[in-house]
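The values are calculated or read from the model by the stated rules, or taken from the named source; none is laboratory data. Worth saying up front: this structure is predicted, and the values here are computed from it rather than measured. Positions of Cβ are generated from backbone atoms using ideal geometry, with glycine treated the same way; all protein chains shown enter the neighbour counts. Heads up: the accessible areas ignore ligands, DNA and RNA and are worked out on the full protein's heavy atoms, side chains in. Shrake-Rupley method; radii C 1.70, N 1.55, O 1.52, S 1.80 Å.
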Amino acid sequence: MKKKKVPDWLNSSLWSSSHSPSPPPPSLSSATADLPIQQQNSAVSHAAPSQPPSPPATVEAPPEPQKIHDSRPKNDTHASADATFSSSPSADEISRQAELLAELSKKMIDMRELRRLSCQGLPDGGGLRSTVWKLLLGYLPPDRGLWSSELAKKRSQYKHFKDDILVNPSEITRRMYNSTSSDADDGKAESRTLLSRSEITHGEHPLSLGETSVWNQFFQDTEIIDQIDRDVKRTHPDMHFFCSESQFAKSNQEALKNILIIFAKLNPGVRYVQGMNELLAPLYYVFKNDPDEENAAFAEADSFFCFVELLSGFRDNFVKQLDNSVVGIRSTITRLSQLLKEHDEELWRHLEITCKVNPQFYAFRWITLLLTQEFNFADSLHIWDTLLSDPEGPQETLMRICCAMLILVRKRLLAGDFTSNLKLLQNYPSTNISHLLYVANKFRV
């Protein structure tokens, strides 16, 4: 069988030779400790071939990726981001920002045009990413006139979720008692604070094992809540926004925890799976750093609904019972293997036949965590701009990006064996995200 020749443009250095590489990716959170093989700790540099590519067919070259730096005041009183961006906006970024602002100012937003502008990467300032992500995830409708009422309705609904779900069973029992007693004797109910033994029903007793017992459900949920608490505290330990002793960071952790607990209780078929905290973090970070104070204040509520929308496209990856089905994670990994074979059979054969590198060993984390662990935080946000803006859906775009990641390091993979290749793919080298997305776009059918 004749092997497909890899196009020369795949080996371009135009996108990575003009500036220093991005910082190494953050260490893998222990939230993914249950994955098949752990990520290695050593960093690997990216070898840049030669020969520049022709201009992309549908995706313009985005500006140089910007780096996140800690700029929060030492007193930790700043209630927004612990990040600013070091490089000034390029002419291309300024132009694209003007186009985005013009589109977002329309009474009826053209979602097709918004997706076109967003797929090239969104500017980091001005709160544009916060608004655009809400639109791309369907949380905000295209009609600007409906925004206020929709946001008010959703934020009120989330408050009710918190009031109903994040409550101790003893408080539920007390509410039930007060509600019943108030019908008979309002004054008497207000004066009493303790229930007598005879007034506690079997279902309300803390030792009850009944299926409808609020206490039995509470103790069943405790294990998941403890796991969420551990994972949230380990989310992006290198960022003060998420992990520090400041009250600001602790309030952010509490918001993440609330969202994940409510999601788990409202979705018993999925509940909580380790790694969901890593998918929630970018959403909450972007919304909390919205320069609009009202939007920032409701970041928790907005993040919850957008998290639900995001997971709706990847839900099956988190359902263990579906792992071996046609919609499960193993089937998704097989699709990535087939995509690589289609575009670079030589590399596919070397990895899977010669070196016997099972794609599950590296692609499981890539896919389930949407590449949040493979690149630095700023680059992850850029990748998510593309994932969320693709009209075909984030799953197909993710497959193309993962395939591009393999092909961009093909020379090193072809020269490596099982051990070196697995180490390389589990600790992906710094690369130019603009070039990565450009190559991924070339794989569109």
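Loop-located GluC sites (Glu not before Pro) across the range 352-428 with a Cβ neighbour count of 14 or fewer within 10 Å are Glu392, with loop assigned by DSSP. Computed from the C-beta positions of Arg271 and Asp92 and an R0 of 41 Å, the FRET efficiency is 0.40 to the nearest 0.05.
Model label points for Ile224 and Thr354, set 7 angstrom from Cα along the Cα-to-Cβ axis, are 4.7 nm apart. Of Arg365, Arg116, Arg271, Arg230, the order by accessible heavy-atom surface (1.4 Å probe, DNA, RNA and ligands excluded), from most exposed downward, is Arg230, Arg116, Arg271, Arg365. When the alpha carbon gyration tensor of the range 298-445 is reduced to an equivalent ellipsoid, its three semi-axes come out at 26, 18, 14 angstrom, largest first.
Distance between the pseudo-spin-label points of Lys106 and Glu392 (7 Å out from Cα toward the beta carbon): 2.4 nm.
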